[in-house]
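Here the structure is laid out as structure tokens; the discussion comes afterwards.
The values are calculated or read from the model by the stated rules, or taken from the named source; none is laboratory data. What you are looking at is a predicted structure, and each value in this text was computed from that prediction instead of being measured. Reconstructed Cβ throughout: ideal geometry from the backbone, glycine too, with neighbour counts over all protein chains shown.
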Amino acid sequence: MNTQAQLERQNERLQLLLNLTTRITSNLDLREVVRAIAANIREVIHADAVIVSLPDPTSETFSVFAMDFPHGKGVMKEELLFTPAAAVKQALDTLKPVVIDALERDQVASELYEIAAVEGIKAVCGIPLVNRGRALGILAISRKTEIPFTSDDIDFLSRASGQIAIAIENALAYREISELKDKLSQEKLYLEEEIRSEWGFEEIIGNTAGLKHVLQMVETVAPSDSTVLLLGETGTGKELIARAIHDSSRRKERTFVKLNCAAIPTGLLESELFGHEKGAFTGAISQKSGRLELADQGTLFLDEVGDIPIEIQPKLLRVLQEREFERLGGTHTRKVNVRLVAATNRDLEKMTAEREFRSDLFYRLNVFPIRIPPLRHRKEDIPLLVRYFVQKFANQMQKKIEAVPTAVMKTLTAWDWPGNIRELENFIERAVILTRGKSLEAPLGELHKSHVDEPVKAQQSTGQEDIARIVKETISALNIGNERGRKQRDDIVRALAESKGRVGGPDGAAARLGINRTTLLSRMKKFGINPQLYT
């Protein structure tokens, strides 16, 4: 080669290196950058194919990330997975180029050798993509002739590979930051929704033996990462128990993410749980992380897990077994470290026998079952819950409710509450709305109406008839003395306010009302009035 030709070749290669720098600094779309670089290298080095392969983060294989092979037969494709063989391992271990002038079967992965044979590849030069002393991938330049790669070729390719490695490092960092930003943004939105949801973080109310047993089981299983299955009727507080497990675990500083499988349409549930890639379906205008990714390193609570469609169950099973999944419409396998707590009010064992639920998934979920008792089996806890909800809603509505009449409490305790704690909570909220004074005015007629409207099992009929009788008697008693009682109560409150909470004495509330001290104390007890509130 004459001097003029050598100078032209050197200038061409220097110009390519300058172009690489420009491309790297102006574009962070990694695949697009690498494809363009590969095309330039192929033209300058007079090769037939230029391929960049990167390690697969979820296995010990490599994948073809980007390539330029304009006259190939279409056998070599991007995303092809292969296991590194002798030549690639040597390049990665030594961080030095490997040249194969005559390709043989044992030098490359078997799948690559078969493709090379079909395409007619004879010679290959493998250059490790090295940045900061670390191999990020491999650059392979292939020729269909056995023209050897010169020392100038290898020197140029080594310099070019350094630029490609920088591009890969920058783009991977950008992608990682972008994905983290997206995850944090979605996590922020999720947590804001949680703050606005009906359940904040609140104590579990109750002292019955059944509830104590549940809490003991929570205490036992929380420190582990085992899957927990919460069983119980709707409204028994399964989410609170799930939160208690999370808050008592090693993951308590990370996110608690919930998903009600029954509340999401079947067509959207897979996307909501696993996420989706842009264009995965009509309306998927952007990439979205699923609840699994949001819960990574934390706890995922799947409520109504029995409502997961049978076609999605294998993907959930894979998460439990392998801790990996793909987004809807994606091919990249993602790893997650999630503690799963599931809940259902359905009989999963029966569903499994009837082939409505996968048996292998049921066994994976049923590692540590906890059965939460219904409210009708926790009668002693009802007064505690009533007082708690009265205080909660009174504070929200800026009301002062100081007492729950004995007859009302007796009726509420006797009722079976088929909707459990959720039904009781909603009932108390309505009662607080209706209350105008400082003693709870409960719409007990609603309980009697629900008794009349709902079919009652024969074995429960006697108890429900007694409750209905109590309701009628209570309503009657309250209606008869309601107006008179309210006036008496208002008079007592006014007198206590004027006497600054003093009951006896010449300027006390009893003297102002014209009654003796013991009578006033009796009426104050009846109406649940605390004189200290008026001092």
message: For the stretch 137-149, check the following and say yes or no: at least one residue is in contact with a Cys (Cβ under 9 Å, 6 or more places away or on another chain) and closer than 24 Å to residue 332 by Cβ.
response: yes
- request: State which residue is modelled with the lowest pLDDT when the search covers only the stretch 32-55 and only residues that are crowded, with 17+ Cβ neighbours inside 10 Å and in a loop (DSSP other than H, G, I, E, B).
  value: 47
task: Evaluate the stretch 429-438: report whether one residue or more is within 32 Å of the chain's Cα centre (by Cα), modelled with pLDDT of 90 or more and surrounded by 15 or more Cβ atoms within 10 Å (Cβ to Cβ).
output: yes
- request: Look through the stretch 326-339, keep the residues that are surrounded by 15 or more Cβ atoms within 10 Å (Cβ to Cβ) and of a type in the set (D, E, K, R), and return whichever of them is nearest to residue 276 (Cα to Cα).
  value: 327
message: For the condition touching a Leu at 6+ places or on another chain (Cβ under 7 Å) and of a type in the set (A, V, I, L, M), what is the one hit in 141, 147?
response: 141
- prompt: Which of (1) over 17 Å from residue 299 (Cα atoms); (2) assigned to a helix (DSSP H, G or I); (3) modelled with pLDDT under 75 does residue 202 not meet, given it meets every other one?
  reply: (2)
- request: Please specify each residue of the stretch 234-288 satisfying the condition of being touching a helix residue (DSSP H, G or I) at 6+ places or on another chain (Cβ under 6 Å), within 19 Å of residue 372 (Cα to Cα) and outside any loop (DSSP other than H, G, I, E, B).
  value: 244, 245
task: Check 119, 146 and return the single one that is in contact (Cβ under 8 Å) with a residue 24 or more places away in the chain and surrounded by fewer than 16 Cβ atoms within 10 Å (Cβ to Cβ).
output: 146
message: For the stretch 258-313, give me the residue count where each residue is in contact with a Phe, Trp or Tyr (Cβ under 6 Å, 6 or more places away or on another chain) and basic (Lys, Arg).
response: 1
field: Unique match (being closer than 25 Å to residue 385 by Cβ and either in a helix (DSSP H, G or I) or at pLDDT 75 or above (or both)) among 502, 469, 494, 484
entry: 469
- request: Can you tell me which residue among 237, 275, 279 is exposed (fewer than 15 other Cβ atoms within 10 Å of the Cβ) and in contact (Cβ under 8 Å) with a residue 40 or more places away in the chain?
  value: 279
task: May I ask you to say which residue of 353, 403 is farther than 30 Å from residue 257 by Cα and outside the structural domain of residue 215 (by TED's automatic domain parsing)?
output: 403
query: Any residue at all in the stretch 305-327 that is farther than 19 Å from residue 360 by Cα and outside any strand (DSSP E or B)?
result: yes
field: Among the candidates 75, 99, residue that is assigned by TED's automatic domain parsing to the domain that holds residue 31, farther than 16 Å from residue 34 by Cα, modelled with pLDDT of 90 or more and surrounded by 13 or more Cβ atoms within 10 Å (Cβ to Cβ)
entry: 99
- request: Determine which member of the set 135, 117, 91 is in a helix (DSSP H, G or I), closer than 21 Å to residue 56 by Cα, among the aliphatic types (A, V, I, L, M) and assigned by TED's automatic domain parsing to the domain that holds residue 67.
  value: 91
The stretch 101-128, residues that are hydrophobic (A, V, I, L, M, F, W, C) and more than 16 Å from residue 152 (Cα to Cα): 102, 103, 108, 109, 112, 115, 116, 117, 118, 121, 123
